[in-house]
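To start, the structure itself, in structure tokens.
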Amino acid sequence: MQVYPTVYWTSGFTGNMEYDLQTGLRLRKRMDEGKMPPMVWVMLDQSIPQGMHEFADSVNNGPWGSALTTEFIPQLEKRYRLDARPSARFLTGKSSGGWTTLQLEINYPQVFGGAWSISPDPSDFHDFIGVDLYAPNANIYQKPDGTPVPFWRHHDKVIVTMEQFVRLEDVQGTYGGQFASFEWVFSPKGPSGSPEPMFDRATGAVYPEVAQYWHDHYDLAYLAEKNWPQRGSMLKGRIHLYIGTADSIYLDGPAHLLEARLKKLGADPHFTYVPDKTHFDIYGIGNDSDGLFDVLAAEMYAVARPHEVRKGHLITQAK
């Protein structure tokens, strides 16, 4: 019985089931057209009322990572023709979905054979959208020199500052905003049962004890380094990342920090910085707005089926 490599994909912030469905249909069409190799794509919906759970084990949202890897995936592999080897299970997603795929690979390298993370949310909190959360007197709104921290840019033009963005989100209350979503995933539980805020919404001041909790549990660069003696042999060469040099939310900064930490570990990371691409056109190649999916799929398939060579629409055994 033929079995297929499997790609676990998840969307970024504000993604939902309908968006996942439409993305999956586009990918199926690309496979039908021979642009992508035959693989099973599992479209994971990580949206919840609090924002996105990011398939992380969290004291607030619950054990999503554990449930995915120990319950959901084994059930899928019992019911469908999925190649159940770790070398044939892959992860990809963009933005918050990109962070999700990084954390799943780093935390569960025995399960997944590689992550292809696209423009992921900050993976090293020394650069959390331009703010070092661990610096003395760290402030989300202001740089040390008192100038505003930018949040959103279009190439060289700042569109929105961090404070402006947070003020807009405050209208939504404690559910659904991007920073509230981060706190539901990353923060310890407070006395009221809600997550502890990472920073003072009025002043922007970072709460050091909460930032330390974020560091110990969700700073992926730190976790990769901390667990390298146990997991390094499984992680080497498996972390791939694509991001634009003009990323709209400045996420190329933490990507560089993560790459430097991984290189120091000897992790053989594969990071690609695409000139002038933003957060929103990163998948585009030429006139094809989804062209990067073909590149990712080919790289994954080469890992899962190293003895096969794709030629046009055919897959032939390499001699």
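Looking only at residues in region 170-206 that are among the acidic types (Asp, Glu) and surrounded by fewer than 16 Cβ atoms within 10 Å (Cβ to Cβ), the one that is modelled with the highest pLDDT is ASP200. Counting only helices (runs of 4 or more DSSP H) that sit wholly inside region 179-270, those with at least 3 residues that are in contact with an Asp or Glu (Cβ under 9 Å, 6 or more places away or on another chain) are 208-218, 220-226, 252-265.
Report whether or not ALA88 is in the same structural domain as HIS240 (by TED's automatic domain parsing), in contact (Cβ under 8 Å) with a residue 40 or more places away in the chain, within 26 Å of PRO254 (Cβ to Cβ) and in contact with a helix residue (DSSP H, G or I) (Cβ under 7 Å, 6 or more places away or on another chain). In short, no.
Quick grid of which residues meet (1) under 19 Å from the mean Cα position of the chain (by Cα); (2) not aromatic (Phe, Trp, Tyr):
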| position | (1), (2) |
| --- | --- |
| PHE182 | yes, no |
| ARG201 | no, yes |
| PRO208 | no, yes |
| GLN212 | no, yes |
| HIS217 | yes, yes |
| GLY237 | yes, yes |
| ALA260 | yes, yes |
| TYR273 | yes, no |
| LYS277 | yes, yes |
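So, of the residues in region 271-290 that are of a type in the set (Asp, Glu) and touching a residue at least 12 places away in the same chain (Cβ under 8 Å), which turns out to be surrounded by the most Cβ atoms within 10 Å (Cβ to Cβ)? Residue satisfying both the conditions and the ranking: ASP290.
Taking the condition without any contact (Cβ under 8 Å) to a residue 24 or more places away in the chain and either surrounded by 22 or more Cβ atoms within 10 Å (Cβ to Cβ) or among the hydrophobic types (A, V, I, L, M, F, W, C) (or both), does ALA67 pass?
Criteria met by ALA67.
Annotation: of all residues in region 34-88 being of a type in the set (Phe, Trp, Tyr) and within 21 Å of the chain's Cα centre (by Cα), the one that is farthest from LEU104 (Cα to Cα) is TRP41. Filtered by the rule that a residue be among the charged types (D, E, K, R), assigned to a strand (DSSP E or B) and surrounded by fewer than 15 Cβ atoms within 10 Å (Cβ to Cβ), region 146-162 gives a lone residue, LYS157.
Of all residues in region 184-199, those satisfying the criterion of being within 25 Å of the chain's Cα centre (by Cα) and closer than 23 Å to GLY65 by Cβ are TRP184, VAL185, PHE186, SER187, PRO188, LYS189, SER194, PRO195, GLU196, MET198. So, THR245, is that one touching a strand residue (DSSP E or B) at 6+ places or on another chain (Cβ under 7 Å), among the β-branched types (Val, Ile, Thr), buried (at least 16 other Cβ atoms within 10 Å of the Cβ) and in contact (Cβ under 8 Å) with a residue 12 or more places away in the chain or not? Judged against the criteria, THR245 is not a match. Please verify whether region 76-88 includes one or more residues that are among the small types (Gly, Ala, Ser), under 14 Å from VAL7 (Cβ atoms) and in contact with a strand residue (DSSP E or B) (Cβ under 8 Å, 6 or more places away or on another chain). Yes: region 76-88 contains one or more residues that are among the small types (Gly, Ala, Ser), under 14 Å from VAL7 (Cβ atoms) and in contact with a strand residue (DSSP E or B) (Cβ under 8 Å, 6 or more places away or on another chain). Sub-8 Å Cβ pairs linking a first residue in region 256-270 that is under 18 Å from GLY114 (Cα atoms) to a second residue that is among the β-branched types (Val, Ile, Thr) and not in a helix (DSSP H, G or I), at least 6 apart or interchain, are LEU262/ILE239; ALA267/ILE239; PRO269/ILE239; HIS270/ILE239, ordered by first then second residue.
For region 3-53, the set of residues classified as among the charged types (D, E, K, R) and in contact with a strand residue (DSSP E or B) (Cβ under 6 Å, 6 or more places away or on another chain) consists of ASP20 only. THR92 satisfies every condition listed in (1) more than 20 Å from the chain's Cα centre (by Cα); (2) within 23 Å of ARG26 (Cβ to Cβ); (3) not hydrophobic (A, V, I, L, M, F, W, C) except (1).
The values are calculated or read from the model by the stated rules, or taken from the named source; none is laboratory data. Because the structure is a prediction, the values reported are computed rather than measured. Ideal geometry is used to build each Cβ from the backbone, glycine not excepted, and the neighbour counts take in all protein chains shown.
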